[in-house]
Every structure is written in structure tokens, then in C-alpha cells.
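Novice: Let me begin by handing over the structure; questions about it come next.
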Amino acid sequence: MTENPAAPAMLNAEWVEKATPERFAGQTVVVTGAASGIGRAVATRVVAEDGRVVAVDLSEDGLKSLAEELGENLVPVTADLTREDASQKVLDAADGRIDALVNNAGIMDNFSPVHEVTDATWQRVFAVNVEAMMRLTRAVVPLMMEAGHGSVVNLTSEAGLRGSAAGIAYTASKHAVVGMTRNCAFMYATSGLRFNAVAPGGVATGIEIPKDASQFGGARLATVQANMPGVASAAHLASAICFLASDDAVNVNGAVLPSDGGWSAV
Ligand code: NAD
């Protein structure tokens with residue numbers, strides 16, 4: 001499923017992922033939402049580039065199958081990131097070293113505009129997409145400051161760039177991710193830390209649109225989604241995310257990078 005129910009064809013289907021050997025050698029990268037979709041592709045790429053991944057997700061089964069695939073460089077942490085004990089579980093698994101944090105876990109809304117959105121939808125979307133991201137980042141930053149280096153990549157969305165890609169809760173949450181990214185980029189610019197965001201367009205992953213999708217919102221969004229050039233693969237996104245997470249992006253701080261085949265240029 002993608003954010004766009006009427007998604008067009010796959011973009012760049014002929015592209016072949018090429019790992020950069022040793023790019024993450026000796027490094028520990030925390031990836032949230034690693035059991036599925038974009039997070040799984042990021043974890044896979046980091047391990048292929050010789051890093052150690054602390055993979056966090058709600059899904060114990062998903063993490064188990066990923067660990068079987070990737071071997072001992074994958075440290076699974078089953079946790080609900082909206083719970084207060086989640087950050088400590090991640091820190092314990094990281095064992096004193098976090099070079100990069102990919103804040104990827106996120107959930108969609110049901111396309112509700114403001115006159116339809118329920119408190120439950122708003123609170124759930126903000127709990128996962130905003131609050132959990134802030135809490136884990138708050139727990140990890142002191143470790144990075146102590147080390148004098150660190151890179152954080154936050155997943156925003158096309159919905160973090162404009163008002164026409166989702167309902168109000170998801171749109172506001174992904175704009176909040178942009179704000180958190182820029183504030184942290186400014187605050188820690190002289191501490192050796194970098195904070196960037198990636199804004200995917202439509203990506204073929206397991207992300208779910210709740211069954212009670214708003215007809216009003218869906219009809220409005222369909223008029224803009226027709227301009228979407230195509231759907232990306234999770235590996236396409238991992239390529240941009242791993243660049244920003246790695247030392248290759250040494251002088252990139254506070255950027256919001258669309259990886260959307262040009263959708264945001266429309
Ligand atoms: P996905 O549903 O395939 O994977 C998300 C993972 O996050 C799942 O494994 C899920 O179990 C986990 N997760 C959700 N809530 C959690 C919680 N409270 N604690 C721990 N883990 C939790 O989704 P995806 O498409 O790979 O999305 C990844 C990120 O990319 C999200 O932030 C999403 O908003 C963003 N994004 C996706 C698309 C798209 O079209 N797929 C587009 C724009 C942005």
C-alpha cells in the first residue's frame with residue numbers, strides 16, 4: 001500500500017542498488033520501524049555497508065525474520081516507541097555507541113480534513129510520528145554530544161512539504177517533523193551533530209491507510225495525486241537516507257531532501 005491509493009507505475013524499476021563497502025564500518029545505526037518497508041531497506045543497506053544496526057519495531061515476527069536475514073550485525077529491539085520505556089531499551093541495545101539514528105517509524109491517517117478528524121486519530125498519529133520521534137532523539141542526543149559526532153535522519157513526507165498529500169493529522173505531524181529537524185540542526189550545529197529529513201513521495205511498502213478513509217478528503221487528494229510521477233521502492237528511499245546518515249553527508253545539516261521522483265517539483 002502507498003499513500004496514494006491510485007498510484008501510478010514503479011519509478012526507476014531498472015535501478016540496481018549498489019552498496020558502498022565499509023561506509024558504516026565500526027558504526028552503530030539505530031533504525032526505527034525496521035521490520036517493514038523503508039526501515040527494513042535501510043537496515044539491510046547499513047548491514048550491507050558493514051554497520052551494526054539496532055532495529056526497533058512493534059513487530060517481533062518482522063524483526064525475527066530480518067535478524068535471520070541479516071545475521072549478527074542486526075540487534076532486534078521489540079518496542080512500542082510511544083511507550084516511555086522504549087528509549088531505554090534502545091540505549092541498552094546500543095551499548096554506549098550510536099553514530100546515526102534513523103527516525104523512520106510512522107503511521108498514516110485516514111485522509112480526514114479538520115471537520116472530520118477525531119481526537120483519537122489526531123492523538124495516535126502525533127504520538128507515533130512526532131512525540132515518539134522527539135523522545136528517542138532526546139535520549140540519543142546526549143550520547144552523540146559526548147562522542148562529538150552523530151547523524152539523525154527523520155522521515156517526513158510529501159505531506160510535510162505541502163497541504164495536499166494526506167489528512168490534517170498526518171500533514172501536521174510531518175510538518176512538525178520538518179520543524180524538529182531544523183530546530184535540532186540549528187541547536188547542535190556546533191556540537192558535531194547533523195539533522196536532516198527525507199520526504200518520500202509514494203513508496204511501495206506495508207504502510208496502511210485505515211479502513212475508515214474520509215470520502216471528502218480522499219476526493220480532494222485524488223485531484224493532486226494524479227500528478228504523482230510514479231511509486232518508488234523502499235530501496236530507493238534507503239539510498240537517500242543512508243547518504244544523509246553516513247559521513248558522505250559531512251556538510252549537510254538541516255536539509256529536507258525530497259525523494260519522490262520529482263513530485264514536489266509539480
Ligand atoms: P511501513 O508501515 O511499511 O513500516 C513502518 C514500520 O513502523 C512498521 O514495521 C511498524 O510496525 C513500525 N511502527 C509503527 N508504529 C510503531 C511504534 N509505535 N513503535 C515501533 N514501531 C512502530 O511504513 P513505510 O511506508 O516504510 O513508512 C516509513 C516512514 O516513511 C513513515 O514515517 C512514513 O510516514 C514515511 N512515508 C512513507 C510513504 C509511503 O508512501 N510508504 C510516503 C511518505 C512518507
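Please treat every number below as a calculation from the coordinates, not as lab data. All of these numbers come straight from a predicted model, not from anything done at the bench. Note that we place each Cβ from the backbone using ideal geometry, even for glycine, and neighbour counts take in every protein chain shown.
Novice: So the label point goes 7 Å from the Cα of ASN73 along Cα→C-beta, right? Which residues of region 233-247 then have their backbone N under 15 Å from it?
Specialist: 242-243, 246-247
Novice: Mind running the shape call on the chain? Use the C-alpha gyration tensor, a ≥ b ≥ c as the square roots of the eigenvalues: rounded below 1.5 for a/c, prolate if a/b tops b/c, oblate otherwise. Spell out each step's value before the answer.
Specialist: Working: a/c = 1.56, a/b = 1.41, b/c = 1.10.
Since a/c reaches 1.5 and a/b is larger than b/c, the shape of the chain is classed as prolate.
Novice: Sticking with this one: Based on the mean of other Cβ atoms within 10 Å per residue, sort peptides 237-246, 20-29 so the most packed one is first.
Specialist: Numbers: 237-246: 24.2, 20-29: 17.0.
Highest mean packing first, the order is 237-246, 20-29.
Novice: List the aspartates and glutamates whose alpha-carbon lies under 17 Å from that of LYS174, not counting same-chain residues fewer than 8 positions away?
Specialist: Correct list for LYS174: GLU3, ASP109, GLU131, GLU158, GLU208, ASP260.
Novice: Using only DSSP helix segments of four residues or longer, with each worth -39500 (n - 2.57), what per-residue ellipticity at 222 nm results for the chain after dividing by its residue count and rounding to 500? Numbers along the way, then the final one.
Specialist: Details: 8 runs with 99 residues, N = 266.
Using -39500 (n - 2.57) per qualifying helix, the result is -11500 deg cm²/dmol.
Novice: What is the calculated FRET efficiency for ARG97 to VAL250, with r their C-beta to C-beta distance and R₀ = 25 Å, to the nearest 0.05? All intermediate terms of the calculation are to be shown ahead of the outcome.
Specialist: Numbers: r = 19 Å, r/R0 = 0.77.
My answer for the efficiency is 0.85.
Novice: For the chain, which DSSP H helices look membrane-span-like by this rule: Cα extent along the axis of 27 Å or more and mean Kyte-Doolittle of at least 0.0? Write down the numbers at each step before the final one.
Specialist: Numbers: long enough: 168-187 (28 Å, 0.51).
Helices meeting the criterion: 168-187.
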